[in-house]
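The values are calculated or read from the model by the stated rules, or taken from the named source; none is laboratory data. Not measured: the values here are computed from a predicted model. Backbone-built Cβ (ideal geometry, glycine too); neighbour counts: all protein chains shown. Note: accessible area is taken over every heavy atom of the protein model, side chains too, but ligands, DNA and RNA are not part of it. Shrake-Rupley method; radii C 1.70, N 1.55, O 1.52, S 1.80 Å.
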Amino acid sequence: RLPDAEEEEAEVGWQEKLFSQFEVDLYQNESACQTPLDRQYHGEILKLEKAGGRKNYRIFTYTDHDRFTNLEEHCQKVTDSDHEVPSYLAERMANVRRRRQDHRPIEASSLKSKIVTWEPSEEFIKNNHVINTPVQTMYIMGDLGPYGKLGHREYEHVLCTIKVDGNGVITVKPDFTGTKGAYRIELDGEKREVWKYTIENASVQVQPEEEEREQRVFRDLYGRHKEYLSGLVGSEFEMELVWKRAAEVHSLFSVSAQGYEYDNLYVHFFLELPNQWSSPAFQQLSGVTQTCATKTLGWDNVAYFCYPFTLEMFFTQGDESEDSLPQWPVLYFEVLSLDFWQRYRVEGYGSLVLPASPGLHMLTIPTWRPVELGTVAELRRFFIGGSPELEDITYVRIPSTFKGERLSRFGFRTETTGSVTFRLYCLQQSKAFLETSALRQRMQSVLDRLGGFSQQSSVYNVLEAFQRARRRMQEARESLPQDLISTSASTV
């Protein structure tokens with residue numbers, strides 16, 4: 001018998017079945033049991049009656065296998081309207097149960113005989129739908145009927161819904177009350193009864209010993225998986241890296257384009273990293289801006305993309321290249337246009353060497369595009385779109401496949417087009433950069449006194465020429481016979 005305050009507290013485990021008064025009255029009669037689950041519930045209720053009856057009265061549960069779970073997911077509404085008519089899509093999606101399906105293993109060598117199933121069955125749709133994610137559901141219910149009239153389905157209300165997917169994510173709706181106030185359920189009718197309830201997490205806290213044991217199991221599992229992958233790859237790909245100095249470079253840029261023939265422009269770009277440069281594995285070194293319509297500014301039509309793109313690069317320098325200046329990454333880009341009829345045209349190619357100094361840089365790069373002789377090519381470009389394209393965009397500077405000493409572009413016809421303006425924000429982080437910066441300042445003061453150089457680019461040119469001359473002198477000295485070197489030394 002319940003106390004007069006009508007209070008009840010129950011501790012419910014995952015997929016633990018607590019019977020309601022309606023289920024007790026229903027499953028006590030063996031003739032009402034139709035499924036194996038019903039007969040199982042019949043036996044459990046008989047055991048409860050022999051043990052003195054159930055301890056819960058108003059709080060009960062529906063597990064993942066109960067019929068209520070199927071009906072609840074099938075009858076969910078999209079809006080709160082009482083006269084809502086489900087659409088065709090809502091009805092079809094309601095038939096898709098997100099449950100664990102028994103997938104039979106398929107041999108990898110055997111090919112599917114039917115790529116397209118023209119007449120899929122209902123079971124095929126359920127098992128192969130895109131949202132068929134493994135999910136288990138449990139409902140904690142409350143029988144809020146008047147005292148002495150328990151067991152009526154119209155007084156059953158969902159107090160809490162718990163779902164666990166195949167990835168181990170637990171969803172509790174509504175959330176645990178904690179320090180918040182109790183949830184309220186107001187019943188319809190003359191009395192307008194108000195029920196309050198709280199939801200608390202009664203799980204036992206994990207002991208430090210168990211948590212440490214779990215971490216050891218995880219480490220052992222990850223170690224075995226790593227050994228398995230190493231066994232697949234083998235030891236032929238082992239590589240030894242010697243790091244001497246490391247530098248980290250960040251670049252953030254936005255783009256604008258002006259002076260092109262057609263409207264609705266977009267820019268395709270990618271970054272080429274020279275030797276001794278690297279980037280994080282998750283970072284993409286290429287990208288495409290959105291299609292942007294131009295607006296008239298002075299004599300030009302300008303497209304402001306306002307497209308931010310972040311690059312993070314690492315530079316490492318070894319012993320063998322200590323005397324050489326580092327090569328900086330190159331940004332290759334291609335400007336294209338797309339009109340209303342989905343005709344795209346190549347508007348120009350260009351390249352940009354990332355600035356070697358940190359700070360804000362505004363760089364305007366002129367572009368060009370390849371052309372064909374004659375009016376037929378221009379007619380084709382105007383009416384059906386398309387134009388000659390570069391198979392390798394690195395041909396803008398030096399092709400990546402070029403291994404010779406001289407590159408001839410004789411006979412390659414191009415046409416000057418518009419220009420692209422880059423706004424770059426560069427940040428460098430390295431102790432080596434600080435040392436190099438101090439060296440540049442000392443060399444700058446010396447060069448200013450000797451020749452009056454004031455531009456930083458002139459310093460780079462002089463230093464690079466000095467390094468080239470030094471290397472040529474060392475190579476020439478190594479190629480001379482040793483007796484000639486000794487004779488000239490004695491004469492001196």
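Points worth noting:
- Y62 modelled with pLDDT of 80 or more, surrounded by 17 or more Cβ atoms within 10 Å (Cβ to Cβ) and under 30 Å from D165 (Cβ atoms): yes
- K244 vs. criteria modelled with pLDDT under 85 and open to solvent by 50 Å² or more (accessible area, probe 1.4 Å): yes
- Enumeration of residues in the range 177-219 that are open to solvent by less than 80 Å² (accessible area, probe 1.4 Å), touching a residue at least 24 places away in the same chain (Cβ under 8 Å) and part of a loop (DSSP other than H, G, I, E, B): L187, E193, I199, A202
- Screening V172 with (1) touching a Cys at 6+ places or on another chain (Cβ under 8 Å); (2) more than 20 Å from L18 (Cα to Cα); (3) of a type in the set (A, V, I, L, M) gives one miss only, at (2).
- Some residue of the range 366-386 being in a loop (DSSP other than H, G, I, E, B), surrounded by 13 or more Cβ atoms within 10 Å (Cβ to Cβ) and hydroxyl-bearing (S, T, Y): no
- Subset of the range 257-314 (residues that are of a type in the set (S, T, N, Q), farther than 19 Å from M362 by Cα and not in a strand (DSSP E or B)): N264, N275, Q276, S279, Q283, Q284, Q290, T291, T294
- The selection criterion, being surrounded by 10 or more Cβ atoms within 10 Å (Cβ to Cβ), part of a helix (DSSP H, G or I) and modelled with pLDDT under 85, does not hold for S254.
- Filter result (at pLDDT 80 or above, part of a strand (DSSP E or B) and under 24 Å from F282 (Cβ atoms)) within the range 316-343: V330, L331, Y332, F333
- Members of the range 276-301 found to be polar (S, T, N, Q), more than 30 Å from F314 (Cβ to Cβ) and surrounded by 14 or more Cβ atoms within 10 Å (Cβ to Cβ), listed by number: T291, T294, N301
- Hits in the range 137-162 (condition: in a strand (DSSP E or B) and open to solvent by 50 Å² or more (accessible area, probe 1.4 Å)): H157, V158
- Any hit, the range 397-414, residues being surrounded by 10 or more Cβ atoms within 10 Å (Cβ to Cβ), assigned to a strand (DSSP E or B) and modelled with pLDDT of 70 or more: yes
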